[in-house]
Amino acid sequence: MKRRRFLQLAAAAAGAPALPRASLAASDYPSRPVKILVGFSAGGAVDIVARLIGEWLSDRFKAQFITEDRPGAANNIATQDMVRSPPDGYTLLLTNPTNAINATLYAHLQYDFLRDSVPVAGIMRVPNVMAIPAQLPVKSIPEFVAYAKANSGKVYYASPGTGTSVMMSAELFRIMTGIPLTGITYRGMNGGGYTDMLSGRVQVAFDNLPGSIGYIRNGQFRALGVTTTARSEQLPDVPSISEFVPGYEASAFYGLHAAKGTPADIVEKLNAAINAALADPIMKAKLTNLGGMMMPGTAADFGKMVAEETAKWANVIHQANIKLID
């Protein structure tokens, strides 16, 4: 009995320091700069959202939250860097639709996003917008469909990479309307896609609203439709694509993920800060101005949504017979 009691006390003593250390992880966090990885070039929608959230978190925690753009491989480079980072909350990923799409689209990823990361917080959802150069002689979606059929082989769409929500939204539209539409891939919409749109070399893009809304407001692009079933508050006169193509729906989402094993108390601390941002009138106005619909909730809520999006796009990829990327 004495020996058993001794072992029990020894085990308790060994475990006791773990509680203060766990608490210390959150109370001291962040004690050095935190990186928010972005898988696309500067100036695009993901980058814009990351910088806004980074500024909020920097002010909130009185510490540096630095946005690092690591474009390439349709967000896979940045995602892989995040999942391989130490699970300490100092490397985050600005999660976006490619994380749900790539899970199926890429046949041999070196990671499993749902398995190898933990959700931190949702930020917002936004529609993509079907935009064309202002000089294109088209005023509506039915007119665009007719134009594409009459100019077979001459109508191109821009996207920032295979597997992005921009590309998938275009492919879904192509499949559901049966029009001939050819994609041109750029390193980023801001890195060539917008230039070719403005020149008329590319006839359409199903772009993330935060990236293209400025061009639409300036009259350089004409918005034909939004990809969500509901109209956007930022473009109330622009119809939903589903009003002309029944059943069509797509949207972009933004949030934060961290490497698997990141302490739960750090995740909770970040989640609380993001939810505070979404409730703040000034921050909410900035995100709404980009076309966003706030997405507050727990880390688990965000994780459930990402899992549902992953299943949805897997189904689309298989139904559309989209070739998987090795």
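Go through ALA50, ALA299, GLN234 and say which Cα lies farthest out towards the positive end of the charge dipole of the chain; charges sit on Cβ, +1 for Lys and Arg, -1 for Asp and Glu.
In the chain, that residue is ALA299.
If you average the sequence gap of Cα pairs under 8 Å that are 6 or more apart and divide by the length of the stretch 155-200, what percent do you get for the contact order?
Relative contact order here is 48 percent.
So which trypsin sites (Lys or Arg not before Pro) in the stretch 242-326 end up in coil per DSSP with only 13 or fewer other C-beta atoms within 10 Å?
Sparse-neighbourhood loop trypsin sites (Lys or Arg not before Pro): LYS323.
Can you tell me what share of the DSSP beta bridges in the chain is antiparallel? A percent to the nearest 5 is fine.
60 percent
What is the Cα convex hull volume of the stretch 131-237 when expressed per residue in Å³?
96 Å³
Based on DSSP H assignment, which helices of the chain show an axial Cα extent of at least 15 Å together with a mean Kyte-Doolittle hydropathy greater than or equal to 0.5?
Helices meeting the span and hydropathy rule in the chain are 45-61, 165-177, 264-279.
Pulled fully out, how much extra length does the chain show between THR288 and GLU249, if you take 0.36 nm times their separation in residues and subtract their Cα-Cα distance?
Taking THR288 through GLU249 to full extension adds about 12.0 nm, to one decimal.
Report, ordered by chain and residue number, the lysines lying within cross-link reach of LYS35, taken as a straight Cα distance under 25 Å and ignoring same-chain residues fewer than 8 apart.
Answer for LYS35, where 25 Å is the Cα cut-off: LYS62, LYS260, LYS269, LYS284, LYS286, LYS304, listed by chain and number.
As an exercise, take the mean of 1/r over every pair of distinct alpha carbons in the chain, invert it, and state the Kirkwood radius in angstroms.
In the chain this quantity evaluates to 20.8 Å.
Exactly which GluC sites (Glu not before Pro) in the stretch 217-269 are in a DSSP loop and have at most 12 other Cβ atoms within 10 Å?
GLU233
List residues of the stretch 114-156, by number, whose backbone nitrogen lies under 19 Å from a label position 7 Å along Cα→C-beta of ALA276.
120-124
Compute the Rg to Rh ratio over the stretch 24-167 from the alpha carbon atoms, using the Kirkwood formula for Rh, and round to two decimal places.
Radius of gyration relative to Kirkwood radius: 1.08.
For the chain, with only Lys/Arg (+1) and Asp/Glu (-1) charged at the beta-carbon, what is the dipole magnitude about the Cα centre, in debye rounded to 20?
780 debye
Amide H neighbours of LYS35 under 5 Å, at least 5 residues apart or on other chains, H built in the peptide plane: list them.
Counting only residues 5 or more places away or on other chains, the set is ILE66, THR91, LEU92.
Remind me, relative contact order of the chain in percent, using alpha carbon pairs under 8 angstrom and six or more residues apart?
Across the chain, relative contact order equals 27 percent.
With a bin width of 5 angstrom, please list the P(r) values of the stretch 88-135 as percents of all Cα-Cα pairs, from the 0 bin to the one holding the largest distance.
Result returned by the calculation: 4, 13, 21, 20, 15, 11, 6, 4, 3, 1, 0.
Given H placed on each backbone N at 1.01 Å, which residues far from THR95 in sequence or on other chains put an amide H within less than 5 Å of it?
Counting only residues 5 or more places away or on other chains, the set is GLY255, LEU256, HIS257.
For MET124, list long-range residues whose amide hydrogen, built 1.01 Å from N in the peptide plane, is under 5 Å from its own amide hydrogen.
Counting only residues 5 or more places away or on other chains, the set is TYR254, MET295.
Using a ≥ b ≥ c from the Cα gyration tensor of the stretch 202-312 (square roots of the eigenvalues), is it rounded, prolate or oblate, where a/c under 1.5 gives rounded and otherwise the larger of a/b and b/c decides, a/b for prolate?
Prolate shape, in that a/c is at least 1.5 and a/b is the bigger ratio.
Any read-out appearing in this document is the output of simple, stated calculations on the displayed coordinates, not a laboratory observation. Since this is a predicted model, take the numbers as computed values, not measurements. Counting neighbours? That spans all protein chains shown, and the Cβs are built from the backbone with ideal geometry, glycine included.
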